[in-house]
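Worksheet for the structure shown next.
The values are calculated or read from the model by the stated rules, or taken from the named source; none is laboratory data. The shown structure was predicted, so the numbers you read here are calculated from the model rather than taken from an experiment. We place every Cβ from the backbone using ideal geometry, glycine too, and count neighbours over all the protein chains shown. What goes into the accessible areas is simple: the full protein's heavy atoms, side chains included, and nothing from ligands, DNA or RNA. Shrake-Rupley method; radii C 1.70, N 1.55, O 1.52, S 1.80 Å.
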Amino acid sequence: MVDHIEDECLNCHEALSGGYCHQCGQRNIGSRLTLNVFMQGFANALSELDSKLWQTIIGLTKNPGRIALKYVEGSRASYINPVRYFFVMFAVYLAVAVLTGAHDSFVESAVQIDGTPETAQDKKILTFMEGLRETLRGKLNLISFISLPLIAFFLRYQYFRAKRNYPEVLSFVCFYMGHAYFLSIFLVLAQYVYGSYDQMFRNILFYILFIFSAHVFFEMRWWMTIVSSILSVFIYMAVSGLVASAFTVLSIFNII
């Protein structure tokens with residue numbers, strides 16, 4: 001039930017001639033937001049998100065490169081925005097990894113510290129390695145968010161023959177990384193049940209998914225995709241490592 005039917009849109013101030021504004025599409029619900037209208041809007045938002053989410057998940061599972069390609073070519077209404085998809089999936093993955101203990105296990109395997117420092121240089125290295133561990137343990141979300149646009153920047157020029165611009169490559173990277181983390185959720189849960197964590201399996205998953213995604217999105221032959229994907233892996237590792245190192249140095253000097 002509406003509070004009062006307005007003569008003009010309260011969003012863009014255009015004259016109204018029906019239940020919706022012809023200019024911006026906002027529904028004419030009056031000047032007061034009632035509980036009924038609020039709950040309807042909440043239900044509609046959940047329904048829309050649920051529909052788009054599952055359609056995006058199913059599409060990316062069947063053919064990740066095809067969904068990214070369809071999205072950048074204009075078919076966007078049926079899928080979640082790639083940046084939002086990445087944020088949602090990464091957040092769920094990180095929560096599962098932390099709760100199961102997989103996150104700590106991965107951090108320790110990624111940054112291995114052995115031996116006792118004997119020289120001043122060894123102590124500096126040890127301090128940095130310990131700081132790097134803490135950075136990965138507490139700031140992995142920031143590292144991933146900052147690394148993503150940088151990785152897309154380098155991939156844009158690595159696959160320049162595909163003639164994809166930066167926003168298109170960034171959309172591809174977000175879809176790919178988001179779905180890689182989505183699939184990693186099940187991998188982490190399976191390893192939790194088994195009682196052992198091995199980051200190698202996640203790395204293999206990321207690599208295989210990238211090959212299938214890049215093959216379709218960049219429209220490359222299989223052998224070329226496999227070879228170029230090796231360089232893409234090094235770019236991913238280098239960018240992520242540099243960002244993590246930068247955070248570590250800033251933390252050591254108490255800048256952040």
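Things worth noting here:
- Hits in the range 191-209 - residues which are in a helix (DSSP H, G or I) and farther than 15 Å from Ser232 by Cα: Gln191, Tyr192, Val193, Tyr194, Gln199, Met200, Phe201, Arg202
- Which listed residue is over 20 Å from Asn81 (Cβ atoms), open to solvent by less than 10 Å² (accessible area, probe 1.4 Å) and among the hydroxyl-bearing types (Ser, Thr, Tyr), from Ser184, Ser196: Ser184
- Total residues in the range 97-111 satisfying the condition of being touching a residue at least 40 places away in the same chain (Cβ under 8 Å) and crowded, with 19+ Cβ neighbours inside 10 Å: the figure is 3.
- Test set (1) open to solvent by less than 80 Å² (accessible area, probe 1.4 Å); (2) closer than 24 Å to Val169 by Cβ - Phe212 fails condition number: (1)
- Conditions (1) open to solvent by 30 Å² or more (accessible area, probe 1.4 Å); (2) not in a loop (DSSP other than H, G, I, E, B): number failed by Gly74: (2)
Results for (1) within 17 Å of Ala110 (Cα to Cα); (2) in contact with a helix residue (DSSP H, G or I) (Cβ under 7 Å, 6 or more places away or on another chain); (3) touching a residue at least 12 places away in the same chain (Cβ under 8 Å), shown as yes or no for each residue.
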position	(1), (2), (3)
Leu155	no, yes, yes
Glu168	no, yes, yes
Ser213	no, yes, yes
Val227	no, no, no
Ala244	yes, yes, yes
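- In the range 77-92, the residue that is most open to solvent (accessible area, probe 1.4 Å) out of those that are of a type outside the set (Ser, Thr, Tyr) and under 11 Å from His179 (Cα atoms) is Phe87.
- Residues in the range 149-172 that are in contact with a Phe, Trp or Tyr (Cβ under 7 Å, 6 or more places away or on another chain) and either open to solvent by 40 Å² or more (accessible area, probe 1.4 Å) or of a type in the set (A, V, I, L, M, F, W, C) (or both): Ile151, Ala152, Phe153, Arg156, Ala162, Tyr166, Phe172.
- Entry remark, the range 118-138: residues being under 20 Å from Gly241 (Cα atoms), open to solvent by 70 Å² or more (accessible area, probe 1.4 Å) and either within 22 Å of the chain's Cα centre (by Cα) or free of Cβ contacts under 8 Å to residues at least 12 places away in the same chain (or both) number 4 in total.
- Check on Phe128, under 21 Å from Ile235 (Cα atoms) and part of a helix (DSSP H, G or I): no
- Residue within the range 156-176 that is in contact with a His (Cβ under 9 Å, 6 or more places away or on another chain) and either modelled with pLDDT under 90 or not acidic (Asp, Glu) (or both) present: no
- Selection within the range 158-190 - within 13 Å of Val239 (Cβ to Cβ) and more than 12 Å from the chain's Cα centre (by Cα): Gln158
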